[in-house]
Structures are given as C-alpha cells and as structure tokens.
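Participant: Take this structure first; my questions come after.
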Amino acid sequence: MGDMANNSVAYSGVKNAVKEANHGDFGVTLAELRSLMELRAADAMHKIQECYGDVYGICTKLKTSPNEGLSGNPADIERREAVFGKNFIPPKKPKTFLQLVWEALQDVTLIILEIAAVVSLGLSFYQPPGGNESLCGSVSVGEEEEESEAGWIEGAAILLSVVCVVLVTAFNDWSKEKQFRGLQSRIEQEQKFTVIRGGQVIQIPVADIIVGDIAQVKYGDLLPADGVLIQGNDLKIDESSLTGESDHVKKSLDRDPMMLSGTHVMEGSGRMVVTAVGVNSQTGIIFTLLGAGGDEEEKEKEKKDKKSKKQDGALENRNKAKAQDGAAMEMQPLKSEDGGDGDEKDKKRSNLPKKEKSVLQGKLTKLAVQIGKAGLLMSAITVIILVLYFVIDTFWVQKRPWLAECTPIYIQYFVKFFIIGVTVLVVAVPEGLPLAVTISLAYSVKKMMRDNNLVRHLDACETMGNATAICSDKTGTLTMNRMTVVQAYINEKHYKKIPEPEAIPEKIMAYLVTGISVNCAYTSKILPPEKEGGLPRHVGNKTECALLGLLLDLKRDYQDVRNEIPEENLYKVYTFNSVRKSMSTVLKNSDGSFRIFSKGASEIVLKKCFKILSANGEPKVFRPRDRDDIVKTVIEPMASEGLRTICLAFRDFPAGEPEPEWDNENDIVTGLTCIAVVGIEDPVRPEVPDAIKKCQRAGITVRMVTGDNINTARAIALKCGILNPGEDFLCLEGKDFNRRIRNEKGEIEQERIDKIWPKLRVLARSSPTDKHTLVKGIIDSTVFDQRQVVAVTGDGTNDGPALKKADVGFAMGIAGTDVAKEASDIILTDDNFTSIVKAVMWGRNVYDSISKFLQFQLTVNVVAVIVAFTGACITQDSPLKAVQMLWVNLIMDTLASLALATEPPTEALLLRKPYGRNKPLISRTMMKNILGHAFYQLVVVFTLLFAGEKIFDIDSGRNAPLHAPPSEHYTIVFNTFVMMQLFNEINARKIHGERNVFEGIFNNAIFCTIVLGTFVVQIIIVQFGGKPFSCSELSVEQWLWSIFLGMGTLLWGQLISTIPTSRLKFLKEAGHGTQKEEIPEEELAEDVEEIDHAERELRRGQILWFRGLNRIQTQMDVVNAFQSGSTIQGALRRQPSIASQHHDIRVVNAFRSSLYEGLEKPETRSSIHNFMTHPEFRIEDSEPHIPLIDDTDAEDDAPTKRNSTPPPSPNKNNNAVDSGIHLTTDMNKSATSSSPGSPLHSLETSL
C-alpha cells in the first residue's frame, strides 16, 4: 500500500501526460473497463479469464486490495478521478433568468395591457393637425398645454408596472427552480454507500465512490456504480431497470459476477470492486444518450410546438420534469425512466394522468376559473357601457358630426375606456392565488426540514392536512429500533433477565457464541459510543445487534470468532427472507464434517427442531408435545409483553456421509437441535403515545401494520394508545385479513374490505401486498361520505406500491431503502412518528393560510370591481385609476400572500377534524366575513365618492376631462380604500370567526413588516406620487380621516362575528373540490384500466386531460395578469411537470419492481416483492404467529420474498402453515393481477 501512495505522489504532477501514456499507470484503461461492463454472464466470465485471469486480477491492475480496499490517500483518489472520472452525472442546464422573463411575458392579460399602454403612449404624442378642437365636443375641455404633454405618463406607468410584474414572476420561478435543485442535491448528499478503505468499513456519499473502491452490497441497496463481484452470499439482483427482465438474476463468481449501476439488490450480500462510475457506468451511458437526445428533441419540439401545442404538453412536462429533477441525481438510476424500455412505452407512460390533483389544487383551479369568468364578464360590460355612453352622448345627444381631425382624440377616449376595462379585469382576477400557494408551500417545506420532514413533492405537504388515516410501521417508527435481549430460555430455564455467564454450561455457551457470531451478517456490529456515556452504536441489522449485545452481556467477544472464521470461509449462507423467516450459515470443519447454525422466528425454527440442549448441555429428544409446552409457557408470555422471540439452533452433518445437496434447503434446515429461545425488546419511543393522542383528537385514525407476531403487535399497540382497553377494535393477522376480504374465487371484494377497515387497528404478520390492499381498500371505500385521505409509512423495497398508492407516502430516512425513498412523497429524516404529526400540522396550516389569503383577496376584489364598474358607468371614469389599481393589486396580492401565507402553525390546528376532500375553500363563515366587510367598504367608498367633496369641502373629482390633473377628492377615495385593505388584512388572520384577531400577531415578523412597509409606501405614493399615480398631496386631517375609516373595519369585524353564521342560510360556500360526477370517467379510472381498451382509454384520457388542461390554461391565462410570482400558467405548467415526474418515477418504480411480470410464472412469483427492507410488512401472510425474527431483519438482512412455491413443511401436522403459504400464493396473484384498480394492473396494460 505504501508503494501505491508513493506512486500516486509521483504521478499526480503529470496528470495529463499520464492520461496519454498508459492511463495513470493502471494496468487497465477506461475503454477496456467500459467494454468489459457491457458484457453479461458467460461472455463476461470468458473475457475476465482471458484478459485478467480472475476478479483478483482486475483488483491487481486497479491497484486495490480485495480485503483492505483503497488506501484513501487523497492524491491517489484525485488521480483515479482524473483517469476514470467521478461518480456524478452532470445535470441539464437550468433555465436562464431571461428565458423565465420571456415566459412571464407570454401572459395574455399582460399582453393586453402592454398593447393598451403602447396605444395610449402613441396617441399622447400624436398632435391632431390644426382643426378647431372645440368641434370635437366636450372632449378637450380644460386641456392645457402642459397637461397634454403629461398624457404619456399613464401609458408609461402601466408599462413600468408590467415590467415589475414580469420581473417578480421570473424571479419567483427562478428561486423556485433553485430551491428545487437544492432539495434534489440535498437528497443526493444524503445517499451514502458502504465501502472499505484502508481496511475500515466506512460510509461515503455516493458521489465520492471511485474506480477501485471495494463496495459492500447488501439487500435493499441500489447500486451506485458498476463493478465486478469479489465475494457474494446468495446474491440476487433485480436488473429490470436496465434490461426490462423481471426475473431476479443470481450473481456468483462462477456464473455472472457483473454488477450494474441502477439495479437493486433483492437478496443476499457481498463485496464488489468498482470498475465504472458516473457517465461511464451503464446508467450513466443511458443518461448521456438521453441528454444528447434531449437537445435535438427540444429543437424538433419547438417546430412541432407551433403546430400542436396541445399534444406536446405531456412530453414537454416530462422533459421539464427531467430537467428539474436533474439528471444530476448522483447515479439515481431510478430517474432514468427510459432505462432501455424503448421510447414508445415511455411516451405513453408519461401521459398517464397523476393519481389525481392535490385536493387544494383542484379547488383553487376551479375557484380561479370561476372568478376569472366573472371578472371577464364585468370588464366587458364596463367597456361596452363606457363606449356606448360616450358615443350616445357625443353623437346623439350633442348631435356632433364625426370629424376626421377628431379621430385621434376619440381613439384616445376609447383607449382610456379599454384600459379601465382591463384594469377591472386585472383587479377581479386573484393572480396572487398561485403565488400564495407557492409561497405557503415553499415556506412550509423549508420549515418542515427542521421538523425532520424532507418533502419531495410540494403538494404532499398540503394533502397531509386532510389526512384521515395513518397506517404506520411499528419497528423504528413507533418504537426506538434499539433492540435488546431482555429474556431467555436456555438450558431448560426461563430467565426473566439475562443470566450470569457462570449459570450457562460451557458447552451451551460455545454453541451460543459461535452460532451468533457467524450466523449474523458480518455487516452487523456494535461500535463504541460516539459520546462519552452514550449508548453503544448499533450498525447493520438491529435484531442481530441485539443478539451480538447478548454475547457482550455474557462477557464474550464475537469479533474473536469472526477473526478466526472470516466471511470468505463461510461454506454457504442462506440469507434471511420473509419466506424462510430464518437465516442459516454452514461451516465446514477441518475433519470434513459440516455444521449449520440457524436463527429465526421462534415458531418457525422450533418446528424444525427434533432435539434440544438439556441443562447439562447434552442434546435430548424434543417432541411436538414439548414444543407446545414451550410455546405456552415461554413464547406466548414473552410475546404478550411485546417481546419478539427468536430461536437459535444448529445441526451437524458427520464427515463420513456424502456431501448434502446444499440447494435443497428444506432437507438441510431441518432436524435441528435447539440451543436457546430469546426475547428481544424494542421499547416504544417515549413521545409516541402523546403524538397518537393528538392524532386521535384531530380526527385521524392511526393503524399499525407490522410483520411482527400478533401478541407482540397488540402489546405495543396498547402501550402506544392505538388500542385502549375496553374498546371494540379489530387486531388481525395477514392471513386472517386475506381470508375475510376475498370471495370464494380468491378475489378481493371492496364490500368485504368495507366491513373490516373501519374497526381495524392492528394488522400483524402482514406482507407488503396486504399493506397495499389495505391502503387501496380504504382509499376506494365509499362507506363514509368523505373519501378517506391515507398516509402510509414504509421503508422496505417492497413497500413501494403501498407508498405510491397512498395519498402521502412517508419513507424512513434512516432505515428506509433507496427504493422506498424514491416512491415516497416525504422522507422522515429521524424515522419518528411524531414528525408525521408535525407534517399534519403544517399541512393544515397551508390550507388555512390559503383560506386567509382568499378571504382577504376576495374582499379587495369585490370592492374594487364594484367601485370601478359603478364609477365608470356613473361618472365615465373609474375612481381608482389603472396605475392605482395595479398598486392595490400588485402590492395587496403579492405582499398579502407573503404576509398571510407565512403564519406559523399552532397546536390549535390539531383540535379540529380534517376538512376532507369536498369541504369548500370558502366556508360560510368566510363568506359572511367577505360580504360583510365588502358592504362596509362599499358604503365608505361611495359616500366619499358622491359626497366627499361636501364633507371635506374640496373640489369634486367627478367628470374630469381627459388629461385633468389628479384631484384631492379621488386621492382621498384611493387612500381610504388602501387603509381599509391594510386593516382588513389583520381581520383576515382569523377565518373561523374568532374574536381576537391580534392573537399571536407578533410571532409572525413577516406579517408585521409587510403591514408597516405597505403603510409607508402608501404615504410616499400619496404625498409624492403625483401624476403617474394620479394622486395629489393630502393634509394631516385628511390622512387621519382615511386612517380612522380604515380602522373602522376592525370594529366592524367584531360586529360581523357576533352574527351567528347558522342564521344566514342564504350564504353559499365556494371553491368546492371537484365532485365525482364532474370528472370524466376516464380520469376516474385510476390509471386507465381496461386491458383491451387500454390503448383507446389512454388516448381518450389523454385528450380529455389535455383539453381540460388547455381550457383551464386559457381561462387562467387571464389570471396571470399581475402576478408577482409563479404565474398560474407557470404553476399549471409546472404542476403537471411535477405530477408527471411523480408519475414517471412511480411508474418506473412499479415497473421496476416488476410487480406484474412475476405473475406469469409460478417460479418467479417468489420475486414479486422480493425486496423488502423493513421487516414490518413482510411479505408473508402466512405462518403462525409468534414474533418473528425481526421485522427489521427483513430490512437489511434480507429480501423478503413473496411466498413462492411453498416449501413442503417438514411438519405435516401443521396445516396452518401450509395452507397459509398456498393462500399467499394465490392471494398474491389475485392481488396483483385481478384488482383492476391496482396501479400494477393498469401499468401492465399500458406498457
């Protein structure tokens, strides 16, 4: 190794020369390695033998040690990165600020305003030639020279405000994109991988992996780079992401040692030497092709775009999604949807609609469209009335002829009317809405990071506020996932606490020490605590760490045994999976005999034991009757205390006999001798019972879904408060649940699920399929009038389908596999249930913030529209000028959305029931507030408008000529209007009719700053705004009156809240969610179901989808008017992109898990769910109960296999097990294939 370090120093100086010479003195070039990785199985074996001799030959040429790994010397690492590249795929370039500005300019309302402003500007500079101006009627009365020159100001001011809007919008989009990329890179940095450097096993970020690293792979991993296997135990890989083949590929040194990036480890463990990283790995090559293809695609797309904007929507969304998601995903191949599945499929996939719009989006879109239509109507009527009045008055009443030289003056009038019309429209449309939503979500997401919620999809945050059910795992989420052995049954005694080492006969101790040390994955270890006085650190599988901890308690060291028997010397390993529910390791002794050690769920391993070690350490016969005694007296009492029971056993194969057939596992792992049964405790997290109480108070039902035995599960559920003594609730086992929900043909029936789920609280011994069935059953249920909104936690590879099906999927940040994180919406960085409760609080807060904003915004809109409309009709001129309206609109919208959307959540949010999907955004209380305040404001404004000149003794501003200077009268109207909005903003902080609107106001610094800031700017506008803002200076007395009238809204608000809403029957609610009837059936068909009509349905769904999108877009383009932020169009454009990206990932994942192809051949059925991490949902739905070796066990140690062809049970009496297993098989088939609603099913059809 020292020699290597010296080399690296010598060479680091001459990097470039090195590159040209012989690739940095490595015995193999980048091109050679790349071509090697393109071969598979036999071809690869042949090539390795021919060129390198064996795998160790590759290690030698790469200057790395198969056991010690690289030295970790920085110069060496740098040299390797220079020669072989980094493990990083460069992302697509983000949009530039100018591109975003250009996009913001595409907004229809803005374009209309720009045209109006340009026309107005042009006309103000145009002097009509000579002619007697008095001929043109009352038009030019009072027009002085300097006034006509000031005519350009209005046009210029409008253009200026348009520029502001565009810049704000573009800036918002830009910062959003930046945040998104930041989030992406944050997710990437969190992804770590285990490598060996300098003989130490360490975890490094995926991006730091270099060629020559020795990487440890285990079940549930997503491989971050290409490599060649050095040593493997029972390793099976799912390569469907690259090859599309759903069968798991067995990897071994003699058959197929090629490990490819982007593939999933479904079973087993091993070590590999990394041979290609980044753009040179298999996934990287695909990405590079995609990247290159993407640019050409885009050029073509631009051409096509002109022809067919509609059809291209999905593709564009997809490219956007890809661009946003950054191919920079450090080798997160999950994103490479196109992983060699051909483009056709891909295009189809990308068009599938996302599960459905988030609740809030649906309601807002609908509301915005309704308001937009109303605004359009009002503005059209305003313009028509103004034009008609002018024409009739000038040409009819005054009987004037239309003179050629007067034309420009008339046109100036028409332009002015047009601008007033557009202004009414601008004010009517709440463009602040999408901004409020964006700000509120972005703010929440940022803050949720502090509460250990890493939000991957923005809308998940708000959906969480509507959650009515949470299906949670047990291990690690409700419990601490710190396993300790607390009871044991050894040498025929049941010890309630760990015995002294002297109490155990030496013979038994020897079996115990060797059995545990060798038959636990070598990746599981106990390390010294990081801080003085802390707890020792458990690394790897938590259940195995508990067993290793038992050895330490017995004053024995497992590391000595492991040093004596290194991992390479293990003869054969049967790794843990959910069918076996056990793990076994075979050792070959020096005399040629074999010994096998086995550990696993006690009920399963005990059935295979025919002997037991007696008190003196000698084996004695163990009959079924003895076994039943142990179950009753030892195992059940342990389980009822919430312990997980594990049985340890061994068997000897004498030297003289022929070597057993190791692949025939059922003949090997039987006839065992029981060493001990241990009870492992996983204590409940202290904060969980309280969090569950909060959920129940907030109207959310918590259900526990676990792979553990039912007694253990029930005991933990009681401790957590999921079950309370004396309540009538169901606790079922997976197989029992399956029996109840299926008809005679084995098909799942919704009516049967509906009878069970409302009372179900604990589902034990459940598989990921059961979890998916339960979630789908609850979501599709129509028992209650509200559709249930379900959140699910998961960490195992095969929780993917349930996480995707749920409304919100939570993946575990610590225990979760990469696959689960990829399928989730939110990642819990601390794996803690209380973080889910925080997410609920934030979700409800988003919803309330948006309602607050709506209440405020709609009051402004109603008043401004009515004032502009009546004012225009009665006085031929809007009392609020275009620029003033834009100020009210831009500032009130943008700033109010900032102020109201950033209110921090309070515990009080958890005291009410969830709103549900059909609850309108604007409740009757809010409607009462909106109309009540609008009434007060209109009375004030009209009084000032028609009697203001008398009250304040000033000149009237009504009927002013075209370019008259601004009047004090109209300035007072404008100022009072703004003051009323400012104070009403404080009223808007409460939407449930609370009296104290100031409560907690100082907790929100942003709110206080904005209210004060707006007030200061208003003073500047009025006092110094002059002509551009149509304002003239006001005296102190006039200011005080304005403020007094503004404060009146606070008092009036108290009056309104005394009127009981229940009395006001006539009030309508607004902003309902989309009702079922309104959704075209195609979209309801959750992902397009019918097999034969799949294609046709897909097309129809797609067309409807685009047509709907287009219609909304058109109607909403109006909305974009003065957006300061994420224009709706932007939002619309982006949402599908997030949705489609969501969708793509989901589809890919489901596709990955090959959840469908596995159904075709019984033997592959085993792989359907093969990969699971957390135990909890184990895939088995069978097996009698008794704590299983470990839910987590599935986690690291083991893939959870779908029950495949049932292994003949050695114990013929035990039919339960057998029939259970068979049931599972069928169940599986039907679960996945027959329920047409399942995503897998539709996926199959669409693919």
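Participant: For the residue pair D780 and E564, what label-to-label distance in nm results when each label sits 7 Å from Cα along the Cα-to-beta-carbon direction?
Facilitator: Using points 7 Å along Cα→Cβ, the separation is 5.7 nm.
Participant: May I ask you to give the percent of accessible area on the stretch 165-225 that is carbon plus sulfur, with a probe radius of 1.4 Å?
Facilitator: That share works out to 55 percent.
Participant: Work out the FRET efficiency for E749 and E1069 from their Cβ-Cβ distance, taking R0 = 35 Å, and round it to the nearest 0.05.
Facilitator: E between E749 and E1069, to the nearest 0.05, is 0.45.
Participant: I've got another one for you. Which peptide among 636-642, 702-708, 512-518, 781-787 comes first, and what is the full order, when sorted by highest mean count of other Cβ atoms within 10 Å?
Facilitator: Descending mean neighbour count gives 702-708, 512-518, 636-642, 781-787.
Participant: Each residue of the stretch 538-546 in order: what ³J(HN,Hα) in whole Hz does its phi give by Karplus 6.51 cos²θ - 1.76 cosθ + 1.60, θ = phi - 60°, with x for Gly and Pro?
Facilitator: Those phi angles translate into 9, 10, x, 6, 5, 5, 5, 4, 4 Hz.
Participant: Hey, another quick one. For V1036 and E659, compute 0.36 nm times the residue count separating them, minus their Cα-Cα distance, and round to one decimal in nm.
Facilitator: 125.2 nm
Participant: May I ask you to list the chymotrypsin sites (Phe, Trp or Tyr not before Pro) in the stretch 523-582 that are in a DSSP loop and have at most 15 other Cβ atoms within 10 Å of their Cβ? Provide the component values of the computation, followed by the final result.
Facilitator: Working: sites: Y558, Y571, Y574, F576; in loops: Y571, F576.
Within the stretch 523-582, the qualifying chymotrypsin sites (Phe, Trp or Tyr not before Pro) (loop, at most 15 other Cβ atoms within 10 Å) are Y571.
Participant: While we're here: For I196, what charge total do you get from the other residues with a beta carbon under 10 Å from its beta carbon, if Lys and Arg give +1 and Asp and Glu give -1?
Facilitator: Working: positive: R197, R271; negative: E68, D213.
Within the 10 Å Cβ shell, the charges total 0.
Participant: Can you compute the FRET efficiency between N616 and L718 using 1/(1 + (r/R0)^6), with r the Cβ-Cβ distance and R0 = 30 Å? Round to the nearest 0.05.
Facilitator: 0.15
Participant: Just to verify a number: FRET efficiency for S640 and E687, C-beta to C-beta distance, R0 = 30 Å, to 0.05? Let's see the in-between values first.
Facilitator: Values: r = 24 Å, r/R0 = 0.82.
Calculated value: 0.75.
Participant: How much accessible area per residue does the stretch 583-710 have, in Å², with a 1.4 Å probe?
Facilitator: 38
Participant: OK, next. In terms of modelled amide H atoms, which long-range or inter-chain residues lie less than 5 Å from the amide H of S766?
Facilitator: HN-HN under 5 Å from S766: T706, G707, D708, G734, R1178.
Participant: I need the peptides 74-86, 768-780 ranked by packing, meaning the mean over residues of other C-beta atoms within 10 angstrom, with the highest value on top.
Facilitator: 768-780, 74-86
Participant: Which order do the peptides 392-405, 745-758, 669-682 take when ranked by the mean count of other beta-carbon atoms within 10 Å per residue, highest first?
Facilitator: Working: 392-405: 11.8, 745-758: 15.9, 669-682: 23.1.
The peptides rank, most packed first, as 669-682, 745-758, 392-405.
Participant: Here's something else I'd like to know. Specify whether the C-alpha gyration tensor of the stretch 47-89 places it in the rounded, prolate or oblate class, a ≥ b ≥ c being the square roots of the eigenvalues: rounded for a/c under 1.5, otherwise prolate if a/b is larger than b/c and oblate if not.
Facilitator: Since a/c reaches 1.5 but b/c is at least a/b, the shape of the stretch 47-89 is classed as oblate.
Participant: Might you tell me the accessible area per residue for the stretch 752-887, computed with a 1.4 Å probe and given in Å²?
Facilitator: Here the residues of the stretch 752-887 average 18 Å² of exposed surface.
Participant: Ordered by residue, what ³J(HN,Hα) values in Hz, to whole numbers, does the stretch 659-672 give under the Karplus form 6.51 cos²θ - 1.76 cosθ + 1.60, where θ = phi - 60° and Gly and Pro are x?
Facilitator: Coupling constants for the stretch 659-672: 5, x, 7, 4, 6, 8, 4, 5, 7, 7, 8, 7, x, 7 Hz.
Participant: While we're on this one: In sequence order, what are the phi-derived ³J(HN,Hα) couplings for the stretch 898-912 according to the Karplus relation 6.51 cos²θ - 1.76 cosθ + 1.60 with θ = phi - 60°, rounded to whole Hz, with x for glycine and proline?
Facilitator: Couplings: 5, 5, 7, 7, 10, 5, x, x, 10, 4, 4, 4, 8, 8, 10 Hz.
Participant: Let me ask you something else. Separation between the E999 and M1047 pseudo-spin-labels, each 7 Å from Cα along Cα→Cβ, expressed in nm?
Facilitator: Label-label distance for E999 and M1047, simple model: 2.4 nm.
Participant: F622's amide H: which non-local residues (gap 5+, or another chain) put their own amide H closer than 5 Å, with H modeled 1.01 Å from N in plane and none for Pro or chain starts?
Facilitator: K611, I612
Participant: Skipping prolines and chain starts, which residues have an amide H placed within reach, meaning under 5 Å, of the one on E999, given they are 5 or more residues away or on another chain?
Facilitator: HN-HN under 5 Å from E999: empty list.
Participant: How many nm is it between the label spots at A964 and V391, if each spot is 7 Å from the Cα in line with the beta carbon?
Facilitator: Between A964 and V391, the simple spin-label model gives 2.5 nm.
The values are calculated or read from the model by the stated rules, or taken from the named source; none is laboratory data. As the structure is a prediction and not an experimental result, all values here were calculated from the model. Using ideal geometry, Cβ is built from the backbone for each residue, glycine included, and neighbour counts are taken over all protein chains shown. Each accessible area value is taken on the protein alone, full model and side chains, heavy atoms only, with ligands, DNA and RNA left out. Shrake-Rupley method; radii C 1.70, N 1.55, O 1.52, S 1.80 Å.
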